[in-house]
Amino acid sequence: MSDQATQLRRLVEAGRLADTRALAAVLPPSIPTGAVSYRPRPQRRRPAEAARPVALARAIAVTSGKGGVGKSNLAINLAVSLSQMGRKVCLLDADLGLANIDVLCNLTPRLTLQHVVAGRCRLTEVMLLGPGGFRLIPGASGVAGMADLNGRQRDLVLRQLALLERVVDVIIIDCAAGISANVLAFAAAAHTTLITTTPEPTAVTDAYGMVKSLLRRAPGARVQLVVNMTAGDEEAEGVYRRMNRVTESFLKRSIAYGGAIPLDPEVGMAVRYRLPFTLYAPEGAATRAVQRLARYLAGVEEGISERREGGGFFTRLAGWFGKSENHAQSGTFT
């Protein structure tokens, strides 16, 4: 929930947020968390294994047409749920200019992607251990230049990120809201794209705009609609049916239904404590819904898992960035 995260950041700066002791009272000591750097262990393979293709991580992009629909909260709690299932998960905060995942996770990163872009550190020095066991790559907040990286800067980051998909199982990308070229590139390169909306008409309209923009650029994209803050399954399924009907009529494509996440008061309390709601309220309605989505995604990804070399998410992402720049220069980016 980007709006809540922005408010929380202001509270932190003003020193009015509950202190760390209040958080410790909520978070069980068994839950791993903290500002811990993550450096993948060097893996030595036997000569016979050297020629085998490397299993690359599956990438799940989480995006939305507009802000304030719970996109970042979904990404965080999906990362927690998949980690609890035994997956090695990395969450990339790809809202490059207005990152907020660290705020929602009660983390204070010393280094961010901004420092990687500036050449001051490597990606492994930026990674943090998030609550629940996933790894977090924090983005920069309030740094306008991060939202519009040049080709050299993007290549620098992508080369380091490409190493990551060889040591984790799942990469979750929390994209910015809207249909900027950066967002569409991340979504088009992902193996699965979750488009988040609420039942509000403005959110649904903007979500359809995201679907339309994405499918025009990547007709083969695997798109799933997740309806957040719903009054029940019937309302969420109605939103999905209406959007899918319009998508089939005008785009000649259908989209999948990712599921519904109910309006749950525990979510707001978890945000105030800067804690994933799957940890704050492990038996809550929203938690159960996200866990169902995680199990579904894990099953789908296992069913289509493949081993290949050079064809990972970040290789495709570099290609999409290149296409975006070529279209923009030729004036055909529509």
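The table for this structure:
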{"read-out": "Breaking point among (1) part of a helix (DSSP H, G or I); (2) modelled with pLDDT of 90 or more, for residue 48", "value": "(2)"}
{"read-out": "Filtered residues of segment 252-297 (kept if closer than 23 Å to residue 103 by Cβ and either in a loop (DSSP other than H, G, I, E, B) or of a type in the set (S, T, N, Q) (or both))", "value": "263, 264, 273, 274, 275, 276, 278, 281, 282, 284, 287"}
{"read-out": "The listed residue being closer than 20 Å to residue 193 by Cβ and modelled with pLDDT of 95 or more, out of 285, 218, 289", "value": "289"}
{"read-out": "Only one of 156, 161 that is closer than 27 Å to residue 256 by Cβ and either at pLDDT 85 or above or of a type outside the set (Phe, Trp, Tyr) (or both)", "value": "161"}
{"read-out": "Residues of segment 79-122 that turn out to be under 16 Å from residue 270 (Cβ atoms) and free of Cβ contacts under 8 Å to residues at least 40 places away in the same chain, as a count", "value": "1"}
{"read-out": "Residue match in segment 253-273 (condition: free of Cβ contacts under 8 Å to residues at least 24 places away in the same chain, surrounded by fewer than 19 Cβ atoms within 10 Å (Cβ to Cβ) and polar (S, T, N, Q))", "value": "yes"}
{"read-out": "Residues located in segment 85-129, provided they are among the polar types (S, T, N, Q), surrounded by fewer than 18 Cβ atoms within 10 Å (Cβ to Cβ) and outside any loop (DSSP other than H, G, I, E, B)", "value": "124"}
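A quick yes/no check of all residues on (1) surrounded by fewer than 20 Cβ atoms within 10 Å (Cβ to Cβ); (2) closer than 28 Å to residue 133 by Cβ; (3) at pLDDT below 95; (4) in contact with a Ser or Thr (Cβ under 9 Å, 6 or more places away or on another chain):
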| residue | (1), (2), (3), (4) |
| --- | --- |
| 187 | no, yes, yes, yes |
| 194 | no, yes, no, yes |
| 200 | yes, no, no, no |
| 246 | yes, no, no, no |
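A quick yes/no check of all residues on (1) over 24 Å from residue 134 (Cα atoms); (2) surrounded by fewer than 16 Cβ atoms within 10 Å (Cβ to Cβ); (3) in contact (Cβ under 8 Å) with a residue 24 or more places away in the chain:
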residue: 173; (1), (2), (3): no, no, yes
residue: 177; (1), (2), (3): no, no, yes
residue: 184; (1), (2), (3): yes, no, yes
residue: 212; (1), (2), (3): yes, no, yes
residue: 224; (1), (2), (3): no, no, yes
residue: 230; (1), (2), (3): yes, no, yes
residue: 233; (1), (2), (3): yes, yes, yes
residue: 236; (1), (2), (3): yes, no, yes
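The values are calculated or read from the model by the stated rules, or taken from the named source; none is laboratory data. Predicted, not measured: the structure shown is a model, and the values here were computed from it. Using ideal geometry, Cβ is built from the backbone for each residue, glycine included, and neighbour counts are taken over all protein chains shown.
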